[in-house]
Amino acid sequence: MKKFQRSVALFPLLLAPAVALAFETVDSLPWPSAGVFPAYPRDETRPTDFWIQGGMMRDDNILRRESARQGDTVTRAGAGFRHDQRIVGRQRLVVEARGDAYSYDRFSDLDHFAYSALGDWRWELGNDLAGSVVLARDKRLVDIAETQAAVKDMVTTTRFAATGGYLVTPSFRVRAGYAHGIADRERLAAAETRSDGVTVGADYVSPLRNTLGVEYRRAKGDAPVPELVAPAGTFVNNDYDEREVALVASYAPGPQLRADGRVGRTKRTYSEIPGRDFDQGTGRARIEWLPGNKTILGFEAYKEPRSIIDVAASHVVVKGVAFGPSWAATEKLVFSARLIRERRTFEGDPAISVAGAPLRDELVHTLRFGVGWEPLRHWQASFAADRGTRDSNFAGRDYKYSALTANLAWHW
């Protein structure tokens, strides 16, 4: 099935924190050699990319504290690879993995090794049936903006997803998907979650492969360790059942414009303390506009309940917008920026209902700017400047920070 869209929406599962180390800015640069820009297509004769890298970051408020700000210098060294190639007939396999060792100059207790690995089999049977099977695992340091402490706490997540779609007619498709996730946190067992979700949908497919459809999703979350709610001293179970009905669409009238989105109603109910249940409209929209062959303007807006293991097993309502322009000045030089505004309300916190605690409400702003330069073949030098703030109604959780990053990688 040509151009089959495998992006069956999966349930929100322990998403990575919005505020991360500034290395994320250099890691997400859209390099011209990667084929991101139409002016510089990717070399398809090289399906495998292997790299080694080293970098350094200076952060003036590494623990994300309101007062007693303390800076630190973080160095990292790592390696990784990505392989993307057809294997038999129309079957395609994508395999990627990376590992990075982080060393903190001042807060050495935070030294750690982080890794990620993913395998994605993109299968096709004939012209009408296609899908994917994905298995992924990663390990990282918990978001220090949440702990605000120089304590090493690692998070490990494992994900499995399988999707499939069938073109009943050239203009009508049915699809289904299943996803399973496991998230473990070393120092806060009550935040651990096991999740299973299924998705079914039907779409109208235009001759240009644009789609408009309806989707139903159901997910169940199991938090095996009850959460202790202070000061009540009560243990609360965070198991939940989540259902969503949504309209979904994708639109690409030409190579200069790409858009996709979903809007619907999401209902999450907990097995205990129903006063924190979620039942609201949700959605996500993403637009990419290419006014020229060397420029990409990206916009994203979203509202959704998320289980974020860096916080707890219960949900946080996240509403945000993001804008990011990217410009490939030459084949060897690229500039990228990203502005993020995200509001988090901790409506799923059981302490609100059990202990009468106030609702935590926080607003995060992050500005990222990156520059990438490939002075010679195989070499990539990148630089980044990040600045972020958080305004919270809880004492001690406001912060401001600035970070500068430099990174050098060799690719084969």
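Which order, highest average first, do 167-173, 216-222 follow once you tally other Cβ atoms within 10 Å for each residue and take the mean per peptide?
Working: 167-173: 13.9, 216-222: 19.0.
Packing proxy ranking, top to bottom: 216-222, 167-173.
Taking a temperature of 10 °C and a viscosity of 1.306 mPa s, what whole-number D in µm²/s does Stokes-Einstein yield for segment 187-346 with Rh from Kirkwood over alpha carbon pairs?
87
Sort out for me the Cα centre separation of segment 234-284 from segment 70-93, rounded to whole Å.
Spelled out, the Cα-based centre of one part sits 30 Å from the other.
According to the square roots a ≥ b ≥ c of the eigenvalues of the Cα gyration tensor, what is the shape class of segment 237-302, taking rounded for a/c under 1.5, prolate for a/b larger than b/c otherwise, and oblate for the remainder? Show your work: numbers first, answer last.
Working: a/c = 4.92, a/b = 3.19, b/c = 1.54.
Prolate, since a/c reaches 1.5 and a/b exceeds b/c.
Dipole of segment 23-411, Cα-centred, from +1 at each Lys and Arg C-beta and -1 at each Asp and Glu C-beta, to the nearest 20 debye? If you can, show how the numbers build up before the last one.
Working: 53 positive and 52 negative charges, 181 e Å.
Charge dipole, segment 23-411, about its Cα centre: 880 debye, nearest 20.
Please list, in order along segment 391-398, the HN-Hα scalar couplings obtained from phi with the Karplus expression 6.51 cos²θ - 1.76 cosθ + 1.60 (θ = phi - 60°), rounded to whole Hz, x for Gly and Pro.
10, 10, 7, 9, 4, x, 9, 5
Could you calculate, for segment 23-411, the ratio of the Cα radius of gyration to the Kirkwood radius, expressed as Rg to Rh?
Values: Rg = 22.2 Å, Rh = 23.1 Å.
Reported Rg/Rh (Cα atoms, Kirkwood Rh): 0.96.
Past the 24 angstrom mark, what percentage of all C-alpha to C-alpha distances in segment 309-401 do you count? Numbers along the way, then the final one.
Values: 1818 of 4278 pairs.
Counting every Cα pair in segment 309-401, those more than 24 Å apart make up 42 percent.
Taking amide H positions as placed 1.01 Å from N in the peptide plane, with prolines and chain starts having none, which residues 5 or more places from Thr234, or on another chain, fall under 5 Å of its amide H?
Correct list: Val229.
Based on DSSP H runs of at least 4 residues, each adding -39500 (n - 2.57), what is the mean residue ellipticity at 222 nm of the chain after dividing by all its residues, to the nearest 500 deg cm²/dmol?
Details: 3 runs with 13 residues, N = 412.
Helix-only estimate at 222 nm: -500 deg cm²/dmol.
Given contacts defined as C-alpha pairs under 8 Å and at least six residues apart, what's the relative contact order of the chain, whole-number percent?
Working: 1152 pairs, mean separation 64.2, N = 412.
Across the chain, relative contact order equals 16 percent.
Return a single number: how many Lys pairs in the chain, at a sequence separation of 8 or more or on separate chains, have alpha-carbon atoms below 27 angstrom apart.
Eligible lysine pairs with Cα atoms under 27 Å apart amount to 17.
Could you please state, rounded to a whole Å, how far the C-alpha centre of segment 309-326 is from the C-alpha centre of segment 362-388?
Result: 21 Å between the Cα centres.
With the dipole of the chain worked out from charges on the C-beta (+1 for Lys and Arg, -1 for Asp and Glu) around the Cα centre, which of Pro231, Ala114, Ala285 lies farthest toward the positive end?
Checking the options against the dipole of the chain, the answer is Ala285.
Through the Karplus equation 6.51 cos²θ - 1.76 cosθ + 1.60, θ set to phi - 60°, convert the phi angles of segment 159-167 into ³J(HN,Hα) values in whole Hz; use x for Gly and Pro.
9, 10, 9, 9, 10, x, x, 10, 7
Based on alpha-carbon centroids, what's the gap between segment 133-163 and segment 398-412 in Å, whole number please?
20
Give a residue-ordered list of calculated ³J(HN,Hα) values for segment 402-412 (Karplus: 6.51 cos²θ - 1.76 cosθ + 1.60, θ = phi - 60°; whole Hz; x for Gly, Pro).
Residue by residue, segment 402-412 yields 9, 9, 10, 9, 9, 8, 10, 10, 10, 10, 10 Hz.
For segment 106-244, what are Rg and Dmax over the alpha carbons, in angstrom?
Looking at segment 106-244, its Cα Rg and Dmax stand at 20.2, 62 Å.
Lys/Arg Cβ at +1, Asp/Glu Cβ at -1, dipole of the chain taken about the Cα centre: which of Ser271, Ala259, Leu93 is farthest positive-ward?
My answer, from the dipole projection, is Ala259.
Bear in mind these aren't lab numbers, they're just calculated from the coordinates by the rules spelled out. Because the structure is a prediction, the values reported are computed rather than measured. All Cβ positions, even for glycine, are placed from backbone atoms using ideal geometry, and neighbour counts span all protein chains on display.
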